[in-house]
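The values are calculated or read from the model by the stated rules, or taken from the named source; none is laboratory data. Not measured: the values here are computed from a predicted model. Methodologically, a virtual Cβ is constructed for each residue, glycine included, from the backbone with ideal geometry; neighbour enumeration extends over all protein chains shown. For the accessible areas, the whole protein counts, side chains as well, though only heavy atoms, and no ligand, DNA or RNA atoms are used. Shrake-Rupley method; radii C 1.70, N 1.55, O 1.52, S 1.80 Å.
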Amino acid sequence: MGSTSDASSDAGAGWLIPEGAEPFAAGRDADVYSVDERWVLRRYRNGHPVRDEAEYMRWVARYDYPVPAVRQVEGPDMVIERLTGPTVAEAGIAGDLSPAELGLMHADLHRRLHAIPAPSGTPGQVVVHGDLHPENVILTAAGPVVIDWRNATEGTAEFDIAMTAVIFAQVALDPAFASLSGLLRESLSTYLANSIDPTPGLDAALAARAANTTLTPAEKALLPAQADLIRSHLLTR
């Protein structure tokens, strides 16, 4: 994706994290540090550059898609808007969102995202988040906001929907998340019933998950069962 940011927003060195600072949140491959009351800094541990990710965030923001504002980008560091609220996963576990509401929310977020044209203008291509799941949606006072755009690219809506279905199915089947199995099974059913048919993108999504270096061998071993669960839901559409 070509650059859409101005030089001043990406060049500064004024957001260096103080020596000894500790992250207040962490994911599989990135840590989040507090900058002030309005901004946080997210840094990839392996030095992965964030320019393309930031540009996709800025692109969808132009279409009023709910995404954190991006203030500054430098190497693996991105200063973004601080969000307040639980993740959708936390809200579901707490009972503040029903499984059906969780599934409908993800279907709606994808519908809105896939209405946005790809930056290149390539026919048939849309903006693909590639990792839209309950841990990557924050319930703010203004509504749900989608975070973690590392996998954003241009592609097909079917692939993006299939990827979310694969992630839902993983949690539904993984013994490590037994307490969430019922919630995610029902959410998956609602999500697929209210989305376009992801079948054309399912094999590619499964292959992408199999190639994901952050997944454990045990998680990858669940992929065939995840595919079976998704296809069983699609048969009842």
- Item | Test set (1) in a loop (DSSP other than H, G, I, E, B); (2) free of Cβ contacts under 8 Å to residues at least 12 places away in the same chain; (3) surrounded by 13 or more Cβ atoms within 10 Å (Cβ to Cβ) - Gly20 fails condition number | (3)
- Message: Let me spell it out: the conditions are (1) within 14 Å of the chain's Cα centre (by Cα); (2) under 28 Å from Pro23 (Cα atoms), and Ala107 meets all of them except one. Which number is the exception?
- Response: (2)
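Is it fair to say Leu139 is closer than 13 Å to Pro66 by Cβ and not in a helix (DSSP H, G or I)? Before you say what the answer is, go through the steps one by one.
Details: closer than 13 Å to Pro66 by Cβ: yes; not in a helix (DSSP H, G or I): yes.
Considered against the rule, which asks whether it is closer than 13 Å to Pro66 by Cβ and not in a helix (DSSP H, G or I), Leu139 comes out as yes.
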- For Trp39, state whether it is of a type in the set (A, V, I, L, M, F, W, C), modelled with pLDDT under 95 and open to solvent by 20 Å² or more (accessible area, probe 1.4 Å). yes
- Message: Which pairs turn up if I take residues in region 102-124 that are closer than 13 Å to Ile161 by Cα and in contact (Cβ under 8 Å) with a residue 24 or more places away in the chain and look for partners that are open to solvent by 10 Å² or more (accessible area, probe 1.4 Å) and among the hydrophobic types (A, V, I, L, M, F, W, C) with beta carbon separation below 7 Å, at least 6 apart in sequence or on another chain?
- Response: His114/Val126; His114/Ala157
- Would you check which residues across region 216-233 are among the small types (Gly, Ala, Ser) and at pLDDT 95 or above and list them? Ala221, Ala225, Ala227, Ser232
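Filter region 24-36 down to residues that are more than 17 Å from Ala69 (Cα to Cα) and open to solvent by 50 Å² or more (accessible area, probe 1.4 Å) and give me whichever is modelled with the lowest pLDDT. Before the answer, list the steps.
Looking only at region 24-36, we keep the residues that are more than 17 Å from Ala69 (Cα to Cα), and these are 24-31.
Now restrict to residues that are open to solvent by 50 Å² or more (accessible area, probe 1.4 Å): 24, 26, 28.
Details: Phe24: 88, Ala26: 83, Arg28: 78.
If we take residues in region 24-36 being more than 17 Å from Ala69 (Cα to Cα) and open to solvent by 50 Å² or more (accessible area, probe 1.4 Å), then Arg28 is modelled with the lowest pLDDT.
Over 27 Å from Leu192 (Cβ atoms) and open to solvent by 10 Å² or more (accessible area, probe 1.4 Å), is that true of Val126?
Numbers: over 27 Å from Leu192 (Cβ atoms): no; open to solvent by 10 Å² or more (accessible area, probe 1.4 Å): yes.
For Val126, the condition - over 27 Å from Leu192 (Cβ atoms) and open to solvent by 10 Å² or more (accessible area, probe 1.4 Å) - is not met.
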- One residue from Arg237, Arg231 being basic (Lys, Arg) and in a helix (DSSP H, G or I): Arg231
- Take the residues in region 44-71 that are open to solvent by 20 Å² or more (accessible area, probe 1.4 Å) and in a strand (DSSP E or B), then tell me which one is farthest from Gln125 (Cα to Cα). Arg71
- Query: Taking region 106-123, which residues are over 18 Å from Gly182 (Cβ atoms), assigned to a helix (DSSP H, G or I) and either in contact with a helix residue (DSSP H, G or I) (Cβ under 8 Å, 6 or more places away or on another chain) or open to solvent by 40 Å² or more (accessible area, probe 1.4 Å) (or both)?
  - Reply: Ala107, Asp108, His110, Arg111, Arg112, Leu113, His114
- Considering only region 183-215, how many residues are modelled with pLDDT of 95 or more and within 17 Å of Asn151 (Cα to Cα)? 10
- Message: Condition first: over 14 Å from the mean Cα position of the chain (by Cα) and open to solvent by less than 50 Å² (accessible area, probe 1.4 Å). Now tell me which residues in region 158-171 satisfy that.
- Response: Ala169, Gln170, Val171
